[in-house]
1. Give the number of residues within the range 18-38 that are open to solvent by less than 90 Å² (accessible area, probe 1.4 Å), in a loop (DSSP other than H, G, I, E, B) and either in contact with a Gly (Cβ under 8 Å, 6 or more places away or on another chain) or at pLDDT below 95 (or both).
2. Would the range 156-167 turn up any residue that is of a type outside the set (D, E, K, R), modelled with pLDDT under 90 and either over 19 Å from Glu81 (Cβ atoms) or touching an Asp or Glu at 6+ places or on another chain (Cβ under 9 Å) (or both)?
3. Of everything in the range 46-85, what is touching a Pro at 6+ places or on another chain (Cβ under 7 Å) and open to solvent by 20 Å² or more (accessible area, probe 1.4 Å)? Give them in sequence order.
4. Within the set of pairs 6+ apart or on separate chains, which have a first residue in the range 123-141 that is on the phi > 0 side of the Ramachandran plot, a second that is open to solvent by 40 Å² or more (accessible area, probe 1.4 Å) and modelled with pLDDT under 95, and C-beta atoms under 7 Å apart?
5. Assess whether Leu41 counts as being open to solvent by 30 Å² or more (accessible area, probe 1.4 Å) and of a type in the set (A, V, I, L, M, F, W, C).
6. Would you check if Met7 is touching a Gly at 6+ places or on another chain (Cβ under 8 Å), at pLDDT below 85 and of a type outside the set (Ser, Thr, Tyr)?
7. With the requirement that a residue be more than 14 Å from Lys117 (Cα to Cα), out of contact with any Gly (no Cβ under 6 Å at 6 or more places or on another chain) and open to solvent by less than 60 Å² (accessible area, probe 1.4 Å), what does the range 137-164 give you?
8. Does any residue in the range 86-110 that is touching a residue at least 12 places away in the same chain (Cβ under 8 Å) and surrounded by fewer than 16 Cβ atoms within 10 Å (Cβ to Cβ) come within less than 7 Å, Cβ to Cβ, of a residue that is in a loop (DSSP other than H, G, I, E, B) and among the hydrophobic types (A, V, I, L, M, F, W, C) six or more places away or on a different chain, and which pairs are these?
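The values are calculated or read from the model by the stated rules, or taken from the named source; none is laboratory data. Values in this document were obtained by computation on a predicted structure and should not be read as measured data. Cβ atoms come from the backbone with ideal geometry, glycine included; neighbour counts cover every protein chain shown. Ligands, DNA and RNA are stripped out before the accessible areas are found, and what is left, the full protein with its side chains, is counted by its heavy atoms. Shrake-Rupley method; radii C 1.70, N 1.55, O 1.52, S 1.80 Å.
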Amino acid sequence: MLARSTMALGAALFSSPPGLAQLPLTEPGKWRPVVYADLQLPGETALPYASLWADELRRNNDAYKAKGDRRFLVANAPAAESHVVIRSPERVVVLSVLHTVTACTTLRRDVAHATLKSCPMRLAIYENGQSRVADAGRGCFIEYAASQGGSAPDMVRNAALAAYDIESRTIRAGIVFQGQAADECQFRVPIPRS
């Protein structure tokens, strides 16, 4: 069951800030890359996702402080998230995966400067002036490391993707890692009717 949360994220998502990945109603079943947001010092477009994960960000910050790490007193300890936003005229649905050292476990590493991780996932629904947020289990997150020479990550070899299945009212989330579908990272997250 989805729990109520603040409307700040819903208001920000309904206002359609730039940079939000969304699956338009035309071709919703088409696979698209998810969007990443840096939550360490979140900018305007990342603030809604920092709000969605505020409790986990505090927990991660506290873990760094408990180890005596004081580098992150002004900003969050290292954290990022990936998300997909699905919009209709009546509602906005967000599927988000949070990446922190304290919440994720490593599944595999690729020589192409990427690490596949299992991390917490949440589903948020904003409709009729109300918001609901639910734990959606664990999802997968690709952490891209800085590569030599500053080249961009290989988004064909390692990519996080999402699609929306209208008939089953399900978000499909999947990972291509090392050029192959990662079986452990193929998810179907149903969206409750109300």
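1. 6
2. Yes.
3. Residue satisfying the conditions is Glu56 alone.
4. none
5. Yes, satisfied.
6. Yes.
7. Ser147, Ala162, Tyr164
8. If the second residue must be in a loop (DSSP other than H, G, I, E, B) and among the hydrophobic types (A, V, I, L, M, F, W, C), the pairs left are Ser88/Leu25.
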